[in-house]
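Q: This is the structure, below, for whatever I ask next.
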Amino acid sequence: MVYDFIVVGSGNGACGFLSRYLDSQAAGQVLVLEEGENFFYSSDIAHQLNWLKSFAEGRLFKLHNALTPQNIPIISGRACTMGGGGSINYTMIHESSEWLSAHVGQSVEYWQDLKQSLNQRFKRNDPAEDLSPMTQQVLQAAEPFGFRRIEDAIAHIPNHPEQDGKLLHLFPTLFNPFGQRTHSGVSIVDWFDHRITLKTQCRVKELQLETTETGELQCVAVNVDNLLAETTESFSLAEGGSIILCAGADTPRLLLPYKQDLGNGEIGQQVSDHILLPLGLYLPKTGIKTTPKDNYVPVFATTIWQDQLSAEATVCTFDFFAGEFDRLLFLVSHLFLALLLPNSIKRLVVKNPWLFYFTKNAVRILIQVITFLINGVRIAWNWLTGKPSQQELELVTAILKFKPSSAGYYTEDGSRIILNFFDQDPQTHFNQDKTIATTVIKNHMDFLNALGDQPHWLVKGLVRLLTQIPYSQDQVESYVDTYSRKFLLTEQHLAGGCLYGTVLNQGLDHPQDTGKVYGATNIYVADLSSVPLPRVSPQMTAYLLGFHVAEQLCSDHPNNLAIAHPPLN
C-alpha cells in the first residue's frame, strides 16, 4: 500500500498536524510511524503515580548523546511515546504571538486565532477553579515577592505576554485530584479515522530520496526498523505524496545525510534546550496535604533577566513539584543521574542506551532503599513521639529553567548534539548563563524558602554535601559554578535544527510550501525543530507548529480554518 502522507513521529507536532488535517475534506491516506509504544495500551502510565515509575525506569525517557564543546556530558533526552511528553504530563503555556510571527511568519492576529482554534480541542477547564492546597500555597508564597497572577489565557491555556515583570501562570493539567488521567495530548486526534494507519514501535531509519528533473530531491519511501519483529520494512509514498517530519530530535538527524544534496548547510544548526537547575527540598507547611495532581504543580512563575548588552531579555521560569517522598523522587530520578554520577561515567551513559537503562534502574533501586530506611526511621520516631505511624513524608521542591545564551548543533554524522551551555565570551570572559542563574536564584531565595519548611539540618546537610543545592544566598555562587562543570541538565524539549527562513519555506507566497525543506519537493517539518528554542516551556508551541503546517497545506480545501476563524474569547 502507498500513502499520501507519511508522518514520522506521533508527538506534540504530529498530534497538532493530524488534528487539523483530519478536519479538512482531504481524502489522502496517512501513515503514522512511532518509535514508542501504543499509548492506548500502555495502561500503566494512565495514572500519575504509575507514570512516575515508568518515567524513572527509562521506558518513556530516552537519552541524547549531548555534550558541551568542552566535552562535559549533559543529561538531555525526550519522551518516547504517542503524543510525546504532551500526552504524558503536558505543561500548557503558549509562546507569545509576537515571537511566533517573528520566527515563523504570518501576522500576530493569525497566531492568536490559530491558538484559539487549537486550544478549543483540548477542552480544558479554568485552572483557577478547585485549586489544591499546595497550589494555593505556591501562589501565596510568590505574591509577597512581587509575582502577580496574569489573565492572558486563550480557552483557559495561558499565553506568555511580551512584557517585563514577575508573572504567575496557572495552567490546566491532565489529572483530577486523585491522579486519574482525564485528558491527554493524543485525544485531540481521531485515531479511528479511516484515513489514518498507525504503526507503533517502528523507528524510521532513513529516507529514500530521488533527484527530480529540476534537480530537487523527492522522498519516495522510508525505511523502518520494526522493533517488535526485529525486521526492516519500507513504506512508499503515492505519487504527489509528502512526508511530514515530526520526530523531534530525530528530524534534523534524518535530514543530515542529505545536507549537501539539499544545498543547505544550516540543517542541524541552532539547536538548544532549556538549562534546568534543581533547587531545594522543603516540607509542606503544617496542615497542607499534597495530592497526586501536585506532582507537577500547575503554576509557572516567570521573571525577566536582561543585561544592557543583551539583545533579548531572558525569560526565567520556576516550576514546582510536590508529593509523597517515594513517588516524587521517581519523577526526579534522572536529576540524580546528573547530580550523583561523575562526568567520566556520564559520558559513557549518554553514549550507550543500555548503560543508561542500567544506571537509571540502579538509581531507582537506590531511591527505594533510601525510602525504606527513611520510612523505617520515621515510623520508629513517630511511635516514640506518639504520632500516627502511617503518616507519609511529603516534599515540595522547585526548578529554575531558562534559555541558554548560545545555541548548539548536531555533529556532521548526527551521532552527538553539542549544546553551548555556560558559554564564556573569549574576549570579555563574561558568562551570561552563569550570571543569569546566580542572579535569579539569589534574588528569589526568600521566595523559594517560603514554599515550605526546611528539612532537618542533617537532611539538609546531606543534600548540600551531595549536590551543593543552596538554601541561602551565600551558597548560590558555589552551587552554580559546580553545576556548570558537573551537573548539567536540560528540560528535555530540544528545539531547532531546521529553522524557518533558512532550512524551511515560510509559505508566505504559497501556503502549500509552508514548512517545506528548501531543495526538496515533498519533505516538510512540523515540530519544534522548525524554530529556535521558545523562551517558555515549549510543548504547546510544538502542537501549534504542527497545527500551523496542516492549516496551510489544507488551505485549498473548503473546510479551511484560515477562511473562518472562531471568535476570540
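What follows draws every value from the coordinates through simple rules; no lab data is involved. Values in this document were obtained by computation on a predicted structure and should not be read as measured data. Don't worry about glycine lacking a Cβ; one is built from the backbone with ideal geometry, like all the others, and counts go over all protein chains shown.
Q: What 222 nm value per residue comes from the helices of the chain, counting each DSSP H run with n ≥ 4 as -39,500 (n - 2.57) and dividing by all residues, nearest 500 deg cm²/dmol?
A: It comes out at -9500 deg cm²/dmol, rounded to the nearest 500.
Q: Considering only DSSP beta bridges whose two residues both sit in the chain, what percent are antiparallel, to the nearest 5?
A: Around 70 percent of the beta bridges assigned by DSSP in the chain are antiparallel ones.
Q: A further question on this structure: Cross-link partners among aspartates and glutamates for LYS360, C-alpha distance below 18 Å, same-chain residues fewer than 8 apart left out?
A: GLU57, ASP326, GLU491
Q: What does the C-alpha gyration tensor say about the overall shape of region 374-481? Classify as rounded when a/c is under 1.5, otherwise prolate if a/b is larger than b/c, or oblate.
A: prolate
Q: Ranked from highest to lowest mean number of other Cβ atoms within 10 Å per residue, what is the order of the peptides 103-116, 122-135?
A: Going by the mean number of other Cβ atoms within 10 Å, highest first, we get 103-116, 122-135.
Q: Follow-up. With contacts defined as alpha carbon pairs under 8 Å and 6 or more residues apart, what's the relative contact order of region 506-547 in percent?
A: RCO, region 506-547: 26 percent.
Q: Identify all lysines with a Cα-Cα distance to LYS199 below 21 Å; exclude those on the same chain that are fewer than 8 residues away in sequence.
A: By straight Cα distance, LYS199 reaches LYS62.
Q: For the peptides 421-431, 29-39, 534-544, what is the packing order when you average, over each peptide's residues, the other Cβ atoms within 10 Å and list the highest mean first?
A: By packing density, highest mean first, the sequence is 534-544, 29-39, 421-431.
Q: Further question on the same structure: Is the chain best put as rounded, prolate or oblate by its Cα gyration tensor, with a ≥ b ≥ c the root eigenvalues, rounded for a/c under 1.5, and otherwise prolate when a/b is larger than b/c, oblate when not?
A: Details: a/c = 1.58, a/b = 1.55, b/c = 1.02.
Taking the square roots of the gyration eigenvalues as a ≥ b ≥ c, the chain is prolate.
Q: Which lysines have a Cα less than 19 Å from the Cα of LYS123, not counting those fewer than 8 places away in the same chain?
A: Reachable lysines: LYS115, LYS293.
Q: Determine the shape class of region 429-476: with a ≥ b ≥ c the square roots of the Cα gyration tensor eigenvalues, call it rounded for a/c under 1.5, and otherwise prolate if a/b is greater than b/c, oblate otherwise. Mind dumping the intermediate values first?
A: Values: a/c = 3.68, a/b = 1.64, b/c = 2.24.
Oblate, since a/c reaches 1.5 and b/c is not below a/b.
Q: While we're looking at this one, here's another question. Once you keep just the Cα pairs under 8 angstrom separated by 6 or more residues, what percentage relative contact order results for the chain?
A: 26
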